[in-house]
Amino acid sequence: METGKKVGTFAVEHPRAIAFLIVGITLILCILAGLPTIWPHKFQPLHSLVIDTDPENMLPAREPVRVFHDRMKKIMSLHDMIVVGVVNEKNEEHGVFNPDSLKKIFALTQFASGLQWRNDDNPARREGVVEMDIIAPSTVDNVESGGAGVVRFEWLMSRPPETQEEASSVMHKAMELPFLKGTMVSEDGKAVCLYLPVTAKDLSHRIYSALEQKIAAPSRLFTSEIGDFNQVLNLLAKASQEKEGLLLQLLWQEFSPKTRQQLRDAETLIKEWEDALFRYEQAGKNKNAAEEIKTELRRLWQQRKGALESMVGDLNAWMEQPASGLWLQPDEKIRQLLNPEGRKLLEEMAGVLSPEENYRLKRLWIEAAFAGNIIQSRVAKLKGDETYHITGLPVAEDTFGVQMFKQMAISAPLAMVIIFLLMWFFFRSAMVILPAIYDALIATAATMSLLVITGNTVHIMSSMIPIFIVPIAVLDDVHIISEFFDRYQKTRRRKETLKNLMGSLFIPMLYTTLTTAVGFASLALTPIPPVQVFGLFVAFGVIVAWLCSILLVPAFISVLPRKVLDNFGERHVSAGVESEPHTLLGRVLRMTGKRTYRHAIPILAVSFGVLIVSGYGISLIRVNDNPTKWFDEGHPLRIADSVLNDHFGGTYMAYLAFRPYEDPALPLMKEQKTESQPTVEQSAKDRQGPSLPGGLKSSSEKAENDGPALPFGLEDPSGQNKKSDPALPTGLEGENQGRNRDALESLYLKEEAPEEEPIFKDPVTLRWIGALQDYMNTELGGLVGKSNSVTDIVKTVHRELMVGVERDGWAVTREEAMRVPDSQSGVAQCLLQFQNSHRPQDLWHFITPDHRTGVLWLQLTSGDNRDMSEVTRRVNDWLKFWNADEAEAADMIEKQPEKFTPILRSVAGHVSESGPQRQDLEKAIAEDPVRSVSVLKKQMHSLAPAHPLRHDWFGLTYINVVWQEKMVKGMLQAFLGSFLAVFLMMTLLYRSALWGALCMAPLTVTIAMIYGLTGWLGKAYDMPVAVLSALSLGLAVDYAIHFLTRSRMMYVDYGSWKKTAGPVFGEPARAIARNAIVVGIGFLPLVLAPLVPYQTVGIFIAGILLLAGVSTMLILPSAMRLLEGKLFPRTRRACMVCNRATCGISILAGVALVWINISQFMAVKWTTLSWISLSIIIILASGCAWMSRGEKRRTETFAPKQNKT
């Protein structure tokens, strides 16, 4: 108590020094974080703000599953994908396959292919959509027979169809290709999906926003639609000197003076820019030289970028202005520069244009003026009968990150405003409650600034730090203001009042701060880096908030003008000490105090019953998460997710890799680079205008080479393609095609001749992969909507190659030809034929060039972790059954028939052909599945891959499962560790295990009720719910500590709990109740947020605070009523017994705490840990028993003051 008074005295005697020190330190931290964030290149030694919204980073960078995921993506040239769906439900007959809809899809694909930008940090590198791997009707091949033994590859939709017949032909061709059916084209023909691979996930929201804007306004000009900017600058420079066409001269006049100057400056720097790019490429691995050139590139790029953005901005502003003069009435020569759509607009306008027609006409004039340097928009309107949907895990995760920070900027201030209003309602003085708001702001600003200064990224977890700090910061402030409100009018001497109340509040506030900080800091022991950062910095924020509470709040109140406090608290004390019960809150609390004394046993019985019911509710909790479901149900991403997963095989990608068993756990990168595998930068580099369908080059690109690039494996031995003798796709070569095929195959096989067995040329292996796909399609239909593999490619090419070929006097049908060839050479022939397509690189997304690693693509209809886990479990079971011997397989069926019988049926379909034999086998499985194993295993032996294969999962959906499993386990262990740490601290602080247990009782009931209700309502245990368990511990224990500490102090004065209960339910209870109401209701507005995690946070914080307050004021006084004799011992003997029990329990808790934390990081066997723990317990217990014999170690008694001697 003396320490508290000293702190209070220091605060009220040095208010200006305290304010200067706290505010000054906070400003310094904010400046150190802000300067490098605003000017990152000027303050490079300092860390700037880095935002990371990738849930993948919930795992450490060296986590094996994450390393494998990244390595396989590089090896297989795979990228995360954005899914764009176009649905036409209104055209019941043709769906989306009508000329108008396909024209819009063609235009949208062309726009999406140009969504590439230079990286601001390294302008030599481009990022965005990987054009060469886009999956869309205009960028994929149609594979069809060119006659018996001939395969022809043609663009599925090289141009928008003009008739319904052409549109229907596109649909029918796509439906014949297994890779496209259910993936790009819905089976009902109502929808088409565009798959846009991206170089990095953190670009997803930028691409998503650009697509949404383009869909809303197709005529709007985007910077990504500008082709060769150097050429544009040269044209505009000539136009400014009236040396270029009239259209460009007129457009030049529409630019603002600032834009004109920026364009002139950028044009003068073209040579310097190109020279810097060349020197950077030449620098290669010379890091120092590359960094110097990169700095120069950044400077030049900022100038070019500014000029480009200003030019596009001015052109968009000009398009919104009404057209006049030459733009409406051009002469015939200029009129012919417009495309047919533009000329038609001029003919039909009759001198009047609607705003939409005006905007469209001006866009067409711009395209005419910059002919060949701007991507044609092609359509005036994208919206119509079609609806557009954009989804995919990369979009969901990146968009959540963007909206999360916007929501944080809205929700945290809104919560503080509500808290301010509620505090004003209770205390009726804005000036008195201002320091509570300043406390929260200072603690939040200092914590987030320190987070940035120390080089930590602002992750999804750490972005929620302010939401956690604000309620914790306000808790102590409300206690101080509430006590001051109740006491001030008694003496009207503010400094004395502040000193006295700090004497009584300092210890409970210290206890609550220590326990809360320790609880959060213990999260640093979880194996999840963002959770570690979150826990440590929230603990830091809690300490800062406490310092502000004990220093800044009293100091601020001490310097308030006297008139501010004239009426402060008056109505609460006008009738003396007992006037408070005349308020509603006072009456309710007084009645509660009486009821808890009279009905202690029923209250505790009900609490125990609540624990039992809550325990059952907790058992119902389902651990699950899905980033798409972080958005409200009405959000466009949620709607898109639902619609597209109804129409297609699934928008969630997962991959299953098959490799030889002898390969290392982490596959090795092989240095190889072929014409069919250009880098992302190469595919985007030097793009000279509108993008052409995948595989086609612009005229400027063709001019740089001697001739068209040949497919992989068909290059001239000299390494140069001869223009005089180009290789064309199979089926288009002409007369020599048949004669050249054998020679080409020989060349291919010679160049690719592997030293090791080409596993994925083996027909048996490919059929085995196909059997797994059949199992997924039949038994996992509700989870796996579609799968694709190299087997599908081989089957499709074989079908088109063999259909119509005569065999035994019969022509092979399409159904008969749709199979894997019988020989390895036949498979090699199919793969070679596929490499003659426009997209030969697609093959390397499924197998590696050495044919020893294969990847199976899975499209899941749900991104829920539970569903992904179920898929992995059931596929692993299928593989386990195949690899088991007969005895093991029979044992599996016998022990888990419901689990393995579907696998048995699937295998039976693979090992036997349709007919009587299969029917007999299926009948045997139905009658006695165990006995049928022996029959199956005999046939399975010859149908299994000759080379044993290992399997490994990867992909975003699978990564999410792994980190969530670690998150749940880590948070559970962290919570148990925090719980034990808080219990141990309370036991040591109160020097009694009984008091420590009593302190944890309201916390236990609150958490049980919250999570029990979560289970009863079916709410998934996801990331926000897991994190909030730490907050529940910090908030719930706060009230208990205040209640118990003040009760112990008052008990000494009153001598019995009966006399103490009344005063305890006065000032202390009122402070707790006001606290719970103010902060609890203050966070309810978060329920209205569009992001589900924020809704969860709002509900949980409100529930935790209100339930913790209620349980504290019901359970604790009831327990103290029944356990008064043990809680307040009056004899030394009772103290000695309590001391020994406390020692033993403290040791057990301490050892358990250490064991929980060590077990997360050390692979120590349970038996070893058990022996170590037992030894420690015996040693510490013996030492504690010896020390407790000393008189000085015994707890102080609670005998009344008058009885003490």
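The values are calculated or read from the model by the stated rules, or taken from the named source; none is laboratory data. Computed from a predicted structure; not experimentally measured. So basically every Cβ, Gly included, is an ideal-geometry build from the backbone, and we count neighbours across all protein chains shown.
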ask   = Listed residues VAL827, VAL820, VAL797; which is under 19 Å from GLY182 (Cα atoms), in contact (Cβ under 8 Å) with a residue 24 or more places away in the chain and of a type in the set (A, V, I, L, M)?
value = VAL797
note = Expected single match for part of a helix (DSSP H, G or I) and either assigned by TED's automatic domain parsing to the domain that holds ASN865 or surrounded by fewer than 21 Cβ atoms within 10 Å (Cβ to Cβ) (or both) among LEU984, LEU972 is LEU972
message = I'm trying to understand the selection: among the residues of the range 972-988, which are in contact with a Leu (Cβ under 8 Å, 6 or more places away or on another chain) and hydrophobic (A, V, I, L, M, F, W, C)?
response = ALA974, PHE975, PHE979, LEU980, ALA981, VAL982, LEU984, MET985
task = Report yes if some residue within the range 402-414 is touching a strand residue (DSSP E or B) at 6+ places or on another chain (Cβ under 8 Å) and either under 30 Å from THR109 (Cβ atoms) or assigned to a loop (DSSP other than H, G, I, E, B) (or both); otherwise report no.
result = yes
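A quick yes/no check of all residues on (1) in contact with a Phe, Trp or Tyr (Cβ under 7 Å, 6 or more places away or on another chain); (2) at pLDDT 85 or above; (3) surrounded by fewer than 21 Cβ atoms within 10 Å (Cβ to Cβ):
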residue	(1), (2), (3)
ALA1030	yes, no, no
HIS1042	no, yes, no
LYS1058	yes, yes, yes
PHE1065	no, yes, no
ARG1070	no, yes, no
ARG1074	yes, yes, no
VAL1079	no, no, no
GLY1082	no, no, no
request  = Look through the range 1010-1032, keep the residues that are of a type in the set (Ser, Thr, Tyr) and assigned to a helix (DSSP H, G or I), and return whichever of them is nearest to MET971 (Cα to Cα).
outcome  = SER1029
query = Assuming ILE390 fulfils every condition listed in (1) buried (at least 23 other Cβ atoms within 10 Å of the Cβ); (2) assigned to a helix (DSSP H, G or I); (3) among the hydrophobic types (A, V, I, L, M, F, W, C) apart from one, which condition is it?
reply = (2)
note = Within the range 242-300, restricting to residues that are β-branched (Val, Ile, Thr) and modelled with pLDDT of 90 or more, the one that is surrounded by the most Cβ atoms within 10 Å (Cβ to Cβ) is THR259
key: Considering residues of the range 881-904 that are under 16 Å from ALA771 (Cα atoms) and not polar (S, T, N, Q) only, the residue farthest from the chain's Cα centre (by Cα)   = LEU904
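To keep it simple, each residue is scored yes or no on (1) over 21 Å from LEU27 (Cα atoms); (2) surrounded by fewer than 20 Cβ atoms within 10 Å (Cβ to Cβ).
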site	(1), (2)
ARG360	yes, no
ASP385	yes, yes
LEU414	yes, yes
THR447	no, no
GLY455	no, yes
message = Taking the condition of being loosely packed, with under 14 Cβ neighbours inside 10 Å and under 23 Å from the mean Cα position of the chain (by Cα), how many residues in the range 647-668 meet it?
response = 0
note = Taking the range 17-33 and keeping only residues that are of a type outside the set (Phe, Trp, Tyr) and without any contact (Cβ under 8 Å) to a residue 40 or more places away in the chain, one is left with ALA17, LEU21, GLY24, LEU27, ILE28, ILE31
query = For the range 643-668, which residues satisfy the criterion of being touching a Ser or Thr at 6+ places or on another chain (Cβ under 9 Å) and outside any strand (DSSP E or B)?
reply = VAL643, LEU644, ASN645, ASP646, HIS647, PHE648, GLY649, GLY650, THR651, ASP663, PRO667
ask   = Of the residues ASP864, ASP891, ASP928, which single one is buried (at least 19 other Cβ atoms within 10 Å of the Cβ) and of a type in the set (Asp, Glu)?
value = ASP864
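For the range 1034-1079: of the residues being among the acidic types (Asp, Glu) and over 18 Å from CYS999 (Cα atoms), which is farthest from the chain's Cα centre (by Cα)?
Within the range 1034-1079, the first condition is being among the acidic types (Asp, Glu), and the residues that meet it are 1038, 1053, 1067.
The next check asks that each one be over 18 Å from CYS999 (Cα atoms); those that pass are 1053, 1067.
Working: ASP1053: 56, GLU1067: 46 Å.
Among them, the one singled out is ASP1053.
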request  = Take VAL933 and decide whether it is modelled with pLDDT of 85 or more and under 30 Å from ASP891 (Cα atoms).
outcome  = no
key: In the range 635-647, the residues that are free of Cβ contacts under 8 Å to residues at least 40 places away in the same chain and either basic (Lys, Arg) or more than 23 Å from MET184 (Cβ to Cβ) (or both)   = ARG638
request  = Could you please find all residues in the range 18-51 being over 24 Å from GLN532 (Cα atoms) and surrounded by 18 or more Cβ atoms within 10 Å (Cβ to Cβ)?
outcome  = ILE18, ILE22, PRO36
key: Looking only at the range 177-190, and only at residues there that are over 27 Å from the mean Cα position of the chain (by Cα) and either assigned to a strand (DSSP E or B) or of a type in the set (Gly, Ala, Ser) (or both), the one that is surrounded by the fewest Cβ atoms within 10 Å (Cβ to Cβ)   = LYS181
note = Within the range 1054-1094, residues being within 20 Å of ARG595 (Cα to Cα), of a type in the set (Phe, Trp, Tyr) and assigned to a helix (DSSP H, G or I) number 2
inquiry  = So, ALA396, is that one at pLDDT 90 or above and within 30 Å of TRP318 (Cα to Cα) or not?
reply    = no
query = Which of the strands (runs of 3 or more DSSP E) contained wholly in the range 52-167 include at least 2 residues that are of a type in the set (A, V, I, L, M) and buried (at least 22 other Cβ atoms within 10 Å of the Cβ)?
reply = 80-87
